[in-house]
1. What are the GluC sites (Glu not before Pro) within region 1-69 that DSSP puts in a loop, where the Cβ has at most 10 other Cβ atoms within 10 Å?
2. Filter the trypsin sites (Lys or Arg not before Pro) in region 1-49 down to the DSSP loop ones having no more than 11 other Cβ atoms within 10 Å, then list what survives.
3. What part of the accessible area of region 156-241, given as a whole %, is carbon or sulfur when the probe is 1.4 angstrom?
4. Just check region 1-98 against the gyration tensor rule for me: Cα atoms, a ≥ b ≥ c as the square roots of the eigenvalues, rounded for a/c under 1.5, and otherwise prolate or oblate depending on whether a/b exceeds b/c.
5. Just tell me which aspartates and glutamates come within less than 20 Å, Cα to Cα, of Lys249; anything on the same chain fewer than 8 places away is out.
6. Would you mind giving the three semi-axes, in whole Å and largest first, of the ellipsoid equivalent to region 111-246 according to its Cα gyration tensor?
7. Along Cα→Cβ, 7 Å out, is where each label goes; now give me the distance between the ones at Leu104 and Ser28 in nm to one decimal.
8. Which entries in the list Lys46/Lys140; Lys19/Lys46; Lys135/Lys187; Lys135/Lys255; Lys19/Lys140; Lys19/Lys131 go over 27 Å, if you measure between the two C-alpha atoms of each?
Amino acid sequence: MRSIWNGAISFGLVSIPIKLVNATESHSISFRQVHTEDNGRIRYRKVCELEDREVTQSEIGKGYEDADGTIIPITDDDLSHLPLPTARTIEIVAFVPADRIDPLQMDAAYYLAASGAPAAKPYTLLREALKRSHKVAIAKYALRGRERLGMLRVVGDAIAMHGLLWPDEVRAPEGVAPDVDVTVRDKELDLADALMDTLGEVDLEDLHDEYRAALEEVIAAKAAGEAPPETPEPAKGGKVLDLMAALEKSVRAAKESRGEEPRGEEAEVTPMPSERPRAAAAKKTAAKKTAAKKATTAKATTAKRATAAKTSAEKSTTEKTTARKSTARKSTAKKTTAKKSPAKKAVSSRKRSA
């Protein structure tokens, strides 16, 4: 690996000559800008504004533009004589636990290689001290025209350095978290924990860039004059209306993918909390429905009572009518009997006279 910076680690009174090399590399696919009509390359030429001509890389230097537009030239020799102790030195200023470093501060990563045989002993001493203390070293160094913050830690048998952003370069997460009141129940947390346990861990070596692989397939097909591969249909996902049901379904799917038998447990149906206006509207709707049900019940009760009263009245009228008819029949029967009795008496008298 080619070194990009040479200097030394300052560890108290100990100086360790080192070389700085990049610890990472990019595998992303790069594109060129081309003219769409004939695929000609589009290039940017470096032109001097004063002479109106293209200049070579060897003619290009650095300069600082002042507030009035004046250009102040800065040479590499000027930068090498900066009045800083970190100009060519990685100066360790403290040792702290690794969890004190916010991952948001992490920047580029480098390996620190011992420069020459004399550096082997102090290099190994610093590495073993970091191992035994379970700490990382915080250091300051200058690179590419500015002073930077770094974190030294042990990776295998080497010392790695992560560039760190200065604390004032990390933004506060203002306005990022939800601004609505949400209550998470213990049962929901239990299901989330179960999902996390079911998904388990992953070997990072098994992960790869699927986008890059798909892009390579497209490029290969285009180069061979073939049609690019078809895009697979994305999975259709419905709206999640119930958080508990979604968690339970996720746990079941994760277990099935790992070849485990899912338990036949059903989640309690709990609608997800929505926005406040919707919640208020839902409460009003529920109240209206309850009032409508009460009104319907009251009307039904009134109707039943009216029907019962009507039936009772009809029964009473029927009974009175029946009683009247019975009384009339009895009266008629008595009159008929009375008329028949004198007739019978007259017939009897006639018979006697004869």
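1. Passing both the DSSP loop test and the Cβ count: Glu25, Glu37, Glu49, Glu51.
2. Here the sparse-neighbourhood loop sites are Arg2, Arg32, Arg43, Arg45, Lys46.
3. For region 156-241, the apolar C and S fraction of the accessible surface comes to 55 percent.
4. Note, shape of region 1-98 comes out oblate.
5. Candidates past the 8-residue exclusion: Asp186, Glu188, Asp190, Asp193, Asp197, Glu201, Glu260, Glu261, Glu265, Glu266, Glu268.
6. Output for region 111-246: semi-axes of 42, 30, 19 Å.
7. Reported label-point gap for Leu104 and Ser28 is 2.2 nm.
8. Lys46/Lys140; Lys19/Lys46; Lys135/Lys187; Lys135/Lys255, as the Cα separations exceed 27 Å there.
The values are calculated or read from the model by the stated rules, or taken from the named source; none is laboratory data. Predicted model only: the values in this text are computed from it and were never measured. With ideal geometry, Cβ positions are generated from the backbone for all residues, glycine too; neighbour counts draw on all protein chains shown. Ligands, DNA and RNA are excluded from the accessible area calculation, which covers all protein heavy atoms including side chains. Shrake-Rupley method; radii C 1.70, N 1.55, O 1.52, S 1.80 Å.
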